[in-house]
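Undergrad: Dropping the structure in here first, questions after.
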Amino acid sequence: MMMTSRASTLATPRMAPPALDSDLGNGREPVSRAASSSQTAREAQSIRILLADDHEIVRTGLKALLEQKGFQVVGEAANGHDAVKLAVKTQPDVAIFDLSMPLMNGLDATQELQSALPKTPVILLTMHTEEQYILDALRAGARGYVLKSEAATNLVTAIEDVVSGASYLSPRVSRAVMLAYLDKNKRLEDPLSSRERQVLQLIAEGKATKEVASVLGISVKTAESHRSRIMEKLNTHGTAALVRYAIRRGLIEP
């Protein structure tokens, strides 16, 4: 997988080379800067984006930023559960998920989407710079990891990179990934499955077992079984310990 960690200005058009004499002689018109900019805008317009963030003001700002650059926002969602459903319905070229969302976090939404639409790249947008969050995102199948503080300058570049088949990491987190790769012994693998993380998140959000079962479309008995396995794997007893673990893993915000 090719990784890029370059920062750039927002969709700055590439300067076209000066026209050659042979071009003029053949009757071909020289490529103008305006033509290059117009081509960039047309390419952006062909890219369809799905946004998912539980803060409406963030979605509004991102939508304005992307539409200003010519991208088409085809859907918005406030949680990971709805985001996956909407993605299957709208078939976007790129999905941009917040890492921390209610009902289903960005990590599990990424995994769900990759199962349903494996050709749709996901960019996770977050404030977390810790290596564990980044590694979890990559394991979940995310192709991009962009810090919210750098979205104005890096998000367009990230979209262009993942659409072209590459991957993108914000410059501030690429060093953390490199250090984690060099020191593999310090990696903390998540012992929970994707479904168990979803159950854990809902429990940490204060939902009762019946509510967990209803949200996930499973029986109450299955939800109780997941809860028991989670406590066994984490060697914890009580909801408070589960909430603390969920916060440490970024499944919910404190």
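Undergrad: According to the square roots a ≥ b ≥ c of the eigenvalues of the Cα gyration tensor, what is the shape class of the stretch 194-248, taking rounded for a/c under 1.5, prolate for a/b larger than b/c otherwise, and oblate for the remainder?
TA: Details: a/c = 1.86, a/b = 1.46, b/c = 1.27.
Note, shape of the stretch 194-248 comes out prolate.
Undergrad: With the cut-off at 28 Å, tell me which of the pairs Lys63/Lys89; Lys89/Lys233; Lys63/Lys210 have Cα atoms farther apart than that. Display every interim value, and only then the final one.
TA: Details: Lys63/Lys89 19 Å; Lys89/Lys233 36 Å; Lys63/Lys210 36 Å.
Lys89/Lys233; Lys63/Lys210, as the Cα separations exceed 28 Å there.
Undergrad: Within the stretch 51-83, name every residue whose backbone N is under 14 Å away from a label modeled 7 Å from Cα of Glu205 along the Cβ vector.
TA: Those under the cut-off are 53-55, 77-83.
Undergrad: If I stretch the segment between Ala116 and Lys89 completely, what's the gain in nm (0.36 nm per residue apart, minus their alpha carbon distance), one decimal? Walk me through the numbers before you get to the answer.
TA: Details: separation 27, 0.36 × 27 = 9.72 nm, distance 1.08 nm.
Gain on stretching Ala116 to Lys89: 8.6 nm.
Undergrad: May I pose another question? Using the Karplus curve 6.51 cos²θ - 1.76 cosθ + 1.60 with θ = phi - 60°, what ³J(HN,Hα) values do you get for each residue of the stretch 150-159, in whole Hz, with x for Gly and Pro?
TA: 10, 4, 4, 9, 10, 5, 4, 4, 4, 4
Undergrad: How much FRET efficiency would the formula 1/(1 + (r/R0)^6) give for Arg229 and Ser194, where r is the Cβ-Cβ distance and R0 is 22 Å, rounded to 0.05? Mind dumping the intermediate values first?
TA: Details: r = 13 Å, r/R0 = 0.60.
That gives a FRET efficiency of 0.95.
Undergrad: Continuing with the same structure: Roughly what would the spin-label model give for Thr60 and Ser46, points 7 Å off Cα along C-beta, in nm?
TA: 3.3
Undergrad: Starting from the amide H of Tyr168, placed 1.01 Å from N in the peptide plane, find each other amide H under 5 Å away whose residue is 5 or more places distant or on another chain.
TA: Hits under the 5 Å cutoff: Thr4, Gly144, Tyr145.
Undergrad: Right, another one. Need one number: nm distance between label points at Thr153 and Ala166, each 7 Å from Cα along Cα→Cβ, rounded to one decimal.
TA: Going from the Thr153 label point to the Ala166 one covers 1.8 nm.
Any read-out appearing in this document is the output of simple, stated calculations on the displayed coordinates, not a laboratory observation. Being a predicted model, the structure only gives us computed values, none of them experimental. No Cβ is skipped: glycine too gets one built from the backbone with ideal geometry, and neighbour counts run over all protein chains shown.
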